[in-house]
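A.B. asks: Take this structure first; my questions come after.
The values are calculated or read from the model by the stated rules, or taken from the named source; none is laboratory data. This structure is a prediction, so every number in the text was calculated from the model and none was measured. Here the Cβ positions follow ideal geometry from the backbone for every residue, glycine too, while neighbour counts run over all protein chains shown.
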Amino acid sequence: MSELLDEFFAGLEEAAAGRLPAPPRGTIQFTFVGTDTHPATWFVRLESGRVVVARTGADADCVVEMRPETFERLLAGADNVVSMLFRGVVSVEGDLSLFLIFRRLLPIEADSANPEPVTDVSRTAERFRTDIHESASIFYGNLFMISDRHGDIAPEPTPLGLFFFDTRFLSTWRLTVDGERLAVLSIDDISSAEAKFALVPGQPTHYVNATTSVLRHRWVAQTFEEELTLFNFAPEPLCYTVRLDVGADFAEVQEIRDGYQRDRQVSTTIDERSLRLHYRRETLHRETVISASEPADIDGSGLTFTVTVAPHGTWSTRLRVLTLVRDLRRRDLRERLESSTGRSRAEASREVEQTIAGMPRLRSDHEPLSIAYDRSVRDLAALTYQGLNFRERLPATGLPWSMTLLARESLISCLQVLPFLPQRALSTLRILALSQGVRVDPFRGEQPGRIVQESRYGESAAFNDAPDSAAFSAVDTTPLFVVLLDEYERWTGDDTLVRTYEFQARAALAWIDEYAGRAGDGYVWSTCRQTRTGPANETWRSSVHGICFSDGRLATFPQAICETQGYVYDAKRRAARLARSFWGDPGYADQLEREAAALRERFDRDFWLPDRGRYALALQSDRTPVDGLASNLGHLLWSGIVAPERAGSVVRHLTGPALWSGWGVRTLASTEFQFNPLGHHTGAIWPADNSLIAWGLRRYGFKQEAARIASALLEAGQHFQGRLPALFAGYDRARTRVPVPHRFTDSPYAPSAGATLLLLRTLLGLEPYENHLGIDAGVPEELGQIELLDIRGRWGYADALGRGRPISDRPPS
């Protein structure tokens, strides 16, 4: 076998000192297969932050199998654990989290970029013909189906399909009866994971005389299933030809979203009861398996049923679609992992209902609030997915582009919903602690202590063509991780968790000081990240024009963006509390408080624009303040970095006509050269952004302004059936009279669902204080009375009441 492997494992016990958190405990068995007669095996025991290595053992908690040269690439930093799993070059059985913890013992230097990435990517010739908000969707975890209103997926430029782990496993799913497409009569959205379509052949104008109708009943759980039922209401038997066209392009979600495409060679195999569609690239193997409960003529592009239906009779078949991701042994990747317990449709529905049942109950005189609350809690309960091998379900961000872990969005949504859904924060903190940066890998932006931003599972991630399997492409996730850890304890009293993650929290704070700064100036700087659509910074305003001067010039890189400094200020103050109260380190607490105070003073000096009466959006590379007027000002209020005497002036800008649209605060003011009401970060309205602004306004005592944002977003939500999308256009309300949606935004979107709950918290003034819940309601008169019952926390359960009444301004203290 390999001398390099022998040397690594021989020195592992000594090299592990100080590199591991105390939990978890468990044994990993590494089995290296090759040309030798007997595989080489090592057992690595992780316990109390120490490592014990042996050549023999039994009852391993995690069994890792690969070729020696594969592990050598991992040691050399030329590969990534998650990429290896999805490329099919490693097999893992048991508790995968132990293998992720083991990453901390790898050599620190890395460069995991594919030296020969796929480059045959071209711009799609035409944009989508189908508006995603005019489609029909069902989802369970990150398995989801989006079709047109007929239930079909056509083989044309479209965002529709059956998706799993960031890959489209069905790009064609089209039903005809006797060669005719079907017209929709009704759609019944039973739940987020289940829907029914009532259809008739031919044009909808003819359905009154139809003697044939079709019901498509579909659902997702571990698989996608659809039951087709054909009704013959004629007085004689009829013969039908039912055809289902099927195809798969195995495109990645990001390709479809960004308007790019790659040609993939898809092969088919046919057996007696199923059609199998395959895509292979070296060791990667994706497979779609379509089967039916009734006999069919199967060809390479679909299934044909020839049936005779008795008078007033029915015929039905159940279609089942498997989405398979093959591993080293050509098994589905999930078969050997502890998380891969199958869930039936009933079990999937029961999970969502149990989650909803544990949330506080709302009684409200304001129907739009009640509708928005019900829709939001249901979306949040459903927006989770089973990761590869984690003990709990992980937070998904949004349908269709973000049905995976996006750390910033997950951290924000967890902060929004802590009074309602604390377990979302628990699972988020766990996965982010597991995937925390441990190497210096410029390809991924990974650095020790840094918190990942994006985890994708598609082909580009598997082959390291792009860093998506673990992209450390954000500077704000790391301080937000610390902020959430503290806020979680303040609500739940779970001191065990903050002690468990002390190691990771200290590493995150060390990253801020050691890697994120520049020339010792004490700021966190965002670097330039090149994407297919252009350069982008590493904050939530990540589009090309996101950070700009008032006159339209773009800021040069690197950029010290204002709200990131606020997040760091908040993180250090919160970590000081944790260090003093739970980590037994008052000296460290004092140090963090001094650093936070110095940052606030320095920030006020360098970012304040006295001639504008507000803070700069950022500092560009030469430290020139970027004077664009943007919604980021509200995040500064939320973080608490704003000097009290500056707050009133900041609020006047946020609520002035340039930023305030009537539906919410725009991302960029209408007075700026780059303003575009349709621009994601140059004029659109993000409900999540606005909810944080409202929270910040309450922090500084501006109840009336916070209530104004809440009321406006609730009114906007009525035009989206209570489900606020990720963003909508920033046109002036007096001009459009209704909010203007974007065509291709995520909906549902976890931070927008969370926005409703954070706005409710803001209206009621809910704040945890030691072992009781503080309530300071500021409900505007038009919302009437609001009661929130059974709010869980360290106090047990509490109720909150707010009565609508005129709200007077209270200046900040």
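A.B. asks: Any residue that is over 30 Å from residue 310 (Cβ atoms) and aromatic (Phe, Trp, Tyr) - is there at least one of those in region 165-174?
C.D. replies: Within region 165-174, one or more residues are over 30 Å from residue 310 (Cβ atoms) and aromatic (Phe, Trp, Tyr).
A.B. asks: For residues that are closer than 13 Å to residue 679 by Cα and at pLDDT below 95, tally how many sit in region 543-558.
C.D. replies: The number of residues fulfilling the criteria is 4.
A.B. asks: Given the conditions (1) small (Gly, Ala, Ser); (2) over 28 Å from residue 405 (Cβ atoms); (3) surrounded by fewer than 22 Cβ atoms within 10 Å (Cβ to Cβ), which single one is not true for residue 679?
C.D. replies: (2)
A.B. asks: From 529, 573, grab the single residue that is surrounded by 15 or more Cβ atoms within 10 Å (Cβ to Cβ), touching a residue at least 60 places away in the same chain (Cβ under 8 Å), in the same structural domain as residue 476 (by TED's automatic domain parsing) and in contact with a strand residue (DSSP E or B) (Cβ under 9 Å, 6 or more places away or on another chain).
C.D. replies: The match here is 529.
A.B. asks: For region 271-298, how many residues meet the condition of being assigned to a strand (DSSP E or B), in contact (Cβ under 8 Å) with a residue 24 or more places away in the chain and closer than 26 Å to residue 212 by Cα?
C.D. replies: 4
A.B. asks: Any idea which of 678, 636 is assigned to a loop (DSSP other than H, G, I, E, B) and not hydroxyl-bearing (Ser, Thr, Tyr)?
C.D. replies: 678
A.B. asks: Then there's this: How do the pairs read when you match residues in region 491-504 that are farther than 22 Å from residue 790 by Cβ with residues anywhere that are outside any helix (DSSP H, G or I) and among the hydrophobic types (A, V, I, L, M, F, W, C), using Cβ under 7 Å and keeping only pairs 6 or more apart or on different chains?
C.D. replies: Filtered contacts from region 491-504: 495/582; 498/582; 499/582; 502/583.
A.B. asks: Out of 783, 758, 763, I need the residue that is touching a helix residue (DSSP H, G or I) at 6+ places or on another chain (Cβ under 7 Å), closer than 17 Å to residue 488 by Cα and not hydroxyl-bearing (Ser, Thr, Tyr). Which one?
C.D. replies: After ruling out the rest, the residue left standing is 758.
A.B. asks: Something else: Take region 230-267 and flag every residue that is touching a residue at least 24 places away in the same chain (Cβ under 8 Å), in a loop (DSSP other than H, G, I, E, B) and either on the phi < 0 side of the Ramachandran plot or of a type outside the set (Phe, Trp, Tyr) (or both).
C.D. replies: Within region 230-267, 233, 234, 235, 236, 237, 248, 249, 251, 259, 262, 263 qualify.
A.B. asks: Please enumerate the residues belonging to region 756-813 that are polar (S, T, N, Q), under 22 Å from residue 358 (Cα atoms) and surrounded by fewer than 18 Cβ atoms within 10 Å (Cβ to Cβ).
C.D. replies: 771
A.B. asks: Just a yes or no: is a residue in region 673-687 farther than 26 Å from residue 716 by Cα and assigned by TED's automatic domain parsing to the domain that holds residue 551?
C.D. replies: Scanning region 673-687 turns up at least one residue that is farther than 26 Å from residue 716 by Cα and assigned by TED's automatic domain parsing to the domain that holds residue 551.
A.B. asks: Could you check region 700-742 and list, in sequence order, the residues that are more than 13 Å from residue 666 (Cα to Cα), over 28 Å from the mean Cα position of the chain (by Cα), assigned to a helix (DSSP H, G or I) and among the charged types (D, E, K, R)?
C.D. replies: Correct list: 703, 705, 708, 735.
A.B. asks: Would you mind listing the helices (runs of 4 or more DSSP H) fully within region 394-463 where at least 3 residues are over 11 Å from the mean Cα position of the chain (by Cα) and within 24 Å of residue 689 (Cβ to Cβ)?
C.D. replies: 407-417, 422-434
A.B. asks: Checking residue 375 against (1) in a helix (DSSP H, G or I); (2) of a type outside the set (S, T, N, Q); (3) crowded, with 24+ Cβ neighbours inside 10 Å; (4) in contact with a Pro (Cβ under 9 Å, 6 or more places away or on another chain), which single condition isn't satisfied?
C.D. replies: Result: residue 375 fails condition (3) only.
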